[in-house]
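As structure tokens, the structure follows; a few thoughts come after it.
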Amino acid sequence: MTTTWSMSKPISQGRGGMVAAQHQAAANAGAAVLARGGNAVDAAVTCALVLSVVEPWLSGIGGGGFLIRHDGRTNAAQALDFNMVSSHNIDPAAYPLSEGRDGNWFDWPQVIDNRNLIGASSICVPGAVAGLGTALDAHGSISWAEACAPAIAEAEKGLEVDWFTQLALTIDSDNLATNAESAALFLVDGKPPRLSDGHSSLRLPLTKKAATLKRLAENGWQDFYQGQIARDIVAELADLGQPLDGVDLTNYRATWAEPLDHARGDHRILAMPGLSGGPAFCDALDGVPLPKSPGTVTPQDFASYADAIRRAYATRLTTVGHAGKYGIDPGCTSHLSVVDSEGTTVSLTNTLLSRFGSKVMGARTGMLYNNGMMWFDPRPGTPNTIAPGVKPLANMCPLILRPASGGSIAIGAAGGRQIMPALVQLSVFCLDHGMNLGRALGEPRIDASAPRIVVDRDTPDGTLSAIRADHDAAAVENLLYPVQFAIPSAVAVTADGAMTGMVHPNHPWSAAARAEDTP
């Protein structure tokens, strides 16, 4: 028996501040901070910490990410890079190649035993805690302990397992079984826990994760890199043969930079610089001509998106790496967008890379670790080759759009290599076609991140044939799983202070929360 659901989300409107995120509990926690007088950074950090608890397979304190902040009063903007870094003890020879291929667009050789994809050998130095702490230190108005409190409360309740959590656990149950701690928490006799008859959810205890968050709240975020938590991280990874050490943690820094300030006609777009999806986004957007009929997206428009995105990815494939500029990757991610009562916006993307990251959960800390080694090219001598003490390529692409009419739009997405193609189209929908967030995020899209371009069946008639004139393409349904077109979240504020929020219509947990609606 097959059940078909039609899912939609309402656009949220207000004036007191707004948070859009992939989980309602996290969005509500951020909105509550705004309601108490907190600012956009306060809300973003609080929301991100809650996300690390309620959807631990996508992002968390064991991962890393990027953030852009635009000040609504001064127009000043900053970008914060808190992506993962390989351990300075990493030996590239520990990742020997096998005969197979990895199967994605890179078509890199596989590494023996998938050592770069799963297990302790795939872990890089986490940057999330440094990034969130650094952002709060620079621009927050609440304490780190206050920012941690909602996440601690969620962890003490335990991880809620409903049908959607069951889906996530089922997808990766075989991989989770490779780590004793992950298996003990997430699986029952090697399988995802089953909901009892008449019960829509159950809770899994997050005792160790709650204790780690409490210690962070009491001792400050630096404890993750220089205190007891740092010692716990080194010890639990050493037990698994991972060479990450105290030097790696002590030396880690989140770094501020000037965002890319990119023109689109009379509009401006702030994007992440460096080893992010930002430069390729700008390349792709430059390749998209202005629409002949603003307000209506035509098959020819979609064909132009396909051409531009593929050209941008071709550039990335020839200039990738810590010695180059760009990169793509598959993966799972969380994105959140915030606007506060003063019009300051924050766009923040955070990830563990793959679903459940490395699948390794710390025996002492209770946190899931990233699998950042996946982002390196395992072939020796390439620009993005595995090397000690360097950052891998990432496709996370938080943006802040600055329409010519004033105001700003904080937007980003989850979805691995699908992120940049989705954001190119969403930016065009908002800026060139004048769509509000409700219409823009509900508009059908294409994804041109892989050799075969996929086209939403709901695009206008003729779209598939227009794209097939120059590319291999296929029509697909816009499903909950597998995700085909990324998972965006966005907030907007106009020049007169009106605010809107919108999230991915197909995601069951996503929500835009208004400050006005919280106690």
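The values are calculated or read from the model by the stated rules, or taken from the named source; none is laboratory data. Keep in mind the model is a prediction, meaning the values are calculated, not measured. Neighbour counts are summed over all protein chains in view; Cβ atoms, including those assigned to glycine, are modelled from backbone coordinates with ideal geometry.
Please verify whether segment 139-147 includes one or more residues that are touching a strand residue (DSSP E or B) at 6+ places or on another chain (Cβ under 8 Å) and closer than 23 Å to Ala31 by Cβ.
yes
In segment 53-72, is there at least one residue being of a type in the set (Val, Ile, Thr), buried (at least 17 other Cβ atoms within 10 Å of the Cβ) and assigned to a strand (DSSP E or B)?
yes
Tell me, which residue of segment 453-476 that is of a type outside the set (A, V, I, L, M, F, W, C) and surrounded by 14 or more Cβ atoms within 10 Å (Cβ to Cβ) is farthest from Ala413 (Cα to Cα)?
Ranking the candidates gives Arg468 first.
Inspect all residues belonging to segment 85-100 and state whether any of them is among the polar types (S, T, N, Q), exposed (fewer than 12 other Cβ atoms within 10 Å of the Cβ) and without any contact (Cβ under 8 Å) to a residue 40 or more places away in the chain.
The answer is no; no qualifying residue exists.
Of the numbered conditions (1) of a type in the set (Val, Ile, Thr); (2) over 25 Å from Ser341 (Cα atoms); (3) assigned to a loop (DSSP other than H, G, I, E, B), Ile152 satisfies every one except a single condition; which is it?
(3)
I'd like the full set of residues that are surrounded by 14 or more Cβ atoms within 10 Å (Cβ to Cβ) and not hydrophobic (A, V, I, L, M, F, W, C), limited to segment 150-177.
Answer for segment 150-177, where residues must be surrounded by 14 or more Cβ atoms within 10 Å (Cβ to Cβ) and not hydrophobic (A, V, I, L, M, F, W, C): Pro150, Glu154, Glu156, Lys157, Gly158, Glu160, Asp162, Thr165, Gln166, Asp172, Ser173, Asn175.
Would you say Arg514 is under 30 Å from Ala31 (Cβ atoms) and free of Cβ contacts under 8 Å to residues at least 60 places away in the same chain?
Taking the combined requirement at face value, the residue does not satisfy it.
Among Ala26, Ala31, Ala40, which is the only one that is under 17 Å from the mean Cα position of the chain (by Cα), of a type in the set (A, V, I, L, M) and crowded, with 24+ Cβ neighbours inside 10 Å?
Checking each option against the conditions leaves just Ala26.
Anything in segment 464-478 that is within 16 Å of Arg310 (Cα to Cα) and either part of a loop (DSSP other than H, G, I, E, B) or not assigned by TED's automatic domain parsing to the domain that holds Ala306 (or both)? List them, or say none.
Ala469, Asp470, His471, Asp472
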